[in-house]
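Engineer: Quick one: the structure is below, questions incoming.
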Ligand SMILES: Cc1cc2nc3c(=O)[nH]c(=O)nc-3n(C[C@H](O)[C@H](O)[C@H](O)COP(=O)(O)OP(=O)(O)OC[C@H]3O[C@@H](n4cnc5c(N)ncnc54)[C@H](O)[C@@H]3O)c2cc1C
């Protein structure tokens with residue numbers, strides 16, 4: 001197996017284009033485990049660690065943030081600019097596994113891997129993030145909501161990489177919250193709820209909700225959000241929104257919880273997430 005250490009994104013893309021069996025290597029948190037388990041057999045690894053562009057955090061002209069793909073979860077968890085609605089990303093990153101995993105695991109690796117039980121995808125959908133993809137034919141932007149297509153399957157095409165994630169400016173008074181329920185601290189989620197919420201005069205003026213570990217991709221239901229907007233987030237409105245989210249969910253039965261158990265968690269975690277974001281008693 002060959003090992004490449006390019007220092008520019010263009011060189012990484014050229015290496016990937018030249019060898020369809022080559023894989024990008026971010027922190028290796030998942031990739032090395034998959035190699036050890038002989039689940040993958042790449043002809044080459046293209047390490048992204050030396051590409052400066054992928055390690056940057058920049059404000060966008062629109063007032064949002066552009067997060068480079070190689071930012072570690074630990075960096076995101078302590079990023080002071082992830083405030084207001086975008087705090088949902090900071091909170092999700094802070095709840096990933098343990099410090100050792102947070103220090104090596106990366107934003108781009110988590111996004112590209114597309115594991116529905118992982119924490120960042122739901123937070124990205126709730127924040128209405130856009131995934132910036134670089135490939136042989138240039139760059140393109142894909143809304144997070146459309147990026148995660150199926151279990152471990154994303155919109156990335158052959159030779160493409162995640163270059164960055166763009167977080168938009170959130171509504172003025174928005175608050176983000178990530179509510180994760182796991183069997184033990186540091187485990188993958190049994191179920192999670194990512195929320196970006198804004199209240200105005202006691203009524204919900206903006207809300208985006210995405211469930212993690214509730215299906216093959218993050219679950220978002222526009223009708224559930226519509227039920228909450230304009231309401232005071234009373235128990236009835238939350239219960240109806242939760243019922244819509246539950247109906248759209250299709251979780252797996254696994255060691256982290258049965259499908260029924262996960263569905264039962266939806267209204268409970270939604271209530272907690274909205275309360276933590278400042279919208280419910
Ligand atoms: C013990 C353990 C516990 C974990 N617990 C959690 C948890 O609780 N919650 C959670 O959300 N996650 C968890 N993870 C996942 C972890 O946080 C990482 O996000 C994930 O492993 C990806 O790691 P990485 O960034 O090092 O990518 P790698 O392992 O290097 O790569 C993963 C895959 O993505 C591809 N890839 C990497 N970067 C890019 C890119 N920029 N563009 C295109 N493709 C790319 C690689 O080719 C590979 O296929 C856990 C991982 C481990 C090992």
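The values are calculated or read from the model by the stated rules, or taken from the named source; none is laboratory data. None of these values were measured; they are calculated from a predicted model. Here the Cβ is made from the backbone with ideal geometry for all residues, glycine too, and neighbour counts use every protein chain on show.
Engineer: Could you check residue 237 against (1) closer than 25 Å to residue 143 by Cα; (2) outside any loop (DSSP other than H, G, I, E, B) and say which number it fails?
Structural biologist: (1)
Engineer: Which of the residues that make up segment 39-57 are assigned to a loop (DSSP other than H, G, I, E, B) and within 17 Å of residue 134 (Cβ to Cβ)?
Structural biologist: Answer for segment 39-57, where residues must be assigned to a loop (DSSP other than H, G, I, E, B) and within 17 Å of residue 134 (Cβ to Cβ): 48, 49, 50, 51, 56.
Engineer: Still on this structure, please answer the following. Go through segment 183-214 and count every residue that is buried (at least 19 other Cβ atoms within 10 Å of the Cβ) and within 16 Å of the ligand (Cβ to nearest atom).
Structural biologist: Of the residues in segment 183-214, 12 are buried (at least 19 other Cβ atoms within 10 Å of the Cβ) and within 16 Å of the ligand (Cβ to nearest atom).
Engineer: Of the residues 59, 44, only one is surrounded by 16 or more Cβ atoms within 10 Å (Cβ to Cβ) and over 18 Å from residue 156 (Cα atoms); which?
Structural biologist: 44
Engineer: crowded, with 22+ Cβ neighbours inside 10 Å, at pLDDT 95 or above and either in the same structural domain as residue 256 (by TED's automatic domain parsing) or within 13 Å of the ligand (Cβ to nearest atom) (or both): which single residue out of 115, 119 fits that description?
Structural biologist: 119
Engineer: Being part of a strand (DSSP E or B) and either more than 16 Å from the chain's Cα centre (by Cα) or more than 16 Å from the ligand (Cβ to nearest atom) (or both) is the filter here, so list the residues in segment 58-77 that pass it.
Structural biologist: Within segment 58-77, 58, 59, 65 qualify.
Engineer: Could you count how many residues in segment 96-117 are farther than 12 Å from residue 73 by Cα and in contact with a strand residue (DSSP E or B) (Cβ under 9 Å, 6 or more places away or on another chain)?
Structural biologist: So the answer is 5.
Engineer: With respect to residue 69, determine if the residue is in contact with a strand residue (DSSP E or B) (Cβ under 8 Å, 6 or more places away or on another chain), over 24 Å from residue 250 (Cα atoms) and buried (at least 18 other Cβ atoms within 10 Å of the Cβ).
Structural biologist: yes
Engineer: Give the residue, chosen from 46, 32, that is free of Cβ contacts under 8 Å to residues at least 60 places away in the same chain, out of contact with any strand residue (DSSP E or B) (no Cβ under 8 Å at 6 or more places or on another chain) and within 12 Å of the ligand (Cβ to nearest atom).
Structural biologist: The conditions single out 32.
Engineer: Out of curiosity, is residue 92 touching a residue at least 60 places away in the same chain (Cβ under 8 Å), within 26 Å of residue 47 (Cβ to Cβ), in contact with a helix residue (DSSP H, G or I) (Cβ under 6 Å, 6 or more places away or on another chain) and assigned to a helix (DSSP H, G or I)?
Structural biologist: yes
Engineer: What tally of residues in segment 4-18 results from selecting those that are touching a strand residue (DSSP E or B) at 6+ places or on another chain (Cβ under 6 Å) and either more than 13 Å from the ligand (Cβ to nearest atom) or closer than 20 Å to residue 96 by Cβ (or both)?
Structural biologist: Summing the residues that are touching a strand residue (DSSP E or B) at 6+ places or on another chain (Cβ under 6 Å) and either more than 13 Å from the ligand (Cβ to nearest atom) or closer than 20 Å to residue 96 by Cβ (or both) in segment 4-18 gives 1.
Engineer: For the condition assigned to a loop (DSSP other than H, G, I, E, B) and either more than 11 Å from the ligand (Cβ to nearest atom) or more than 17 Å from residue 143 (Cα to Cα) (or both), what is the one hit in 124, 82?
Structural biologist: Exactly one of 124, 82 is assigned to a loop (DSSP other than H, G, I, E, B) and either more than 11 Å from the ligand (Cβ to nearest atom) or more than 17 Å from residue 143 (Cα to Cα) (or both), namely 82.
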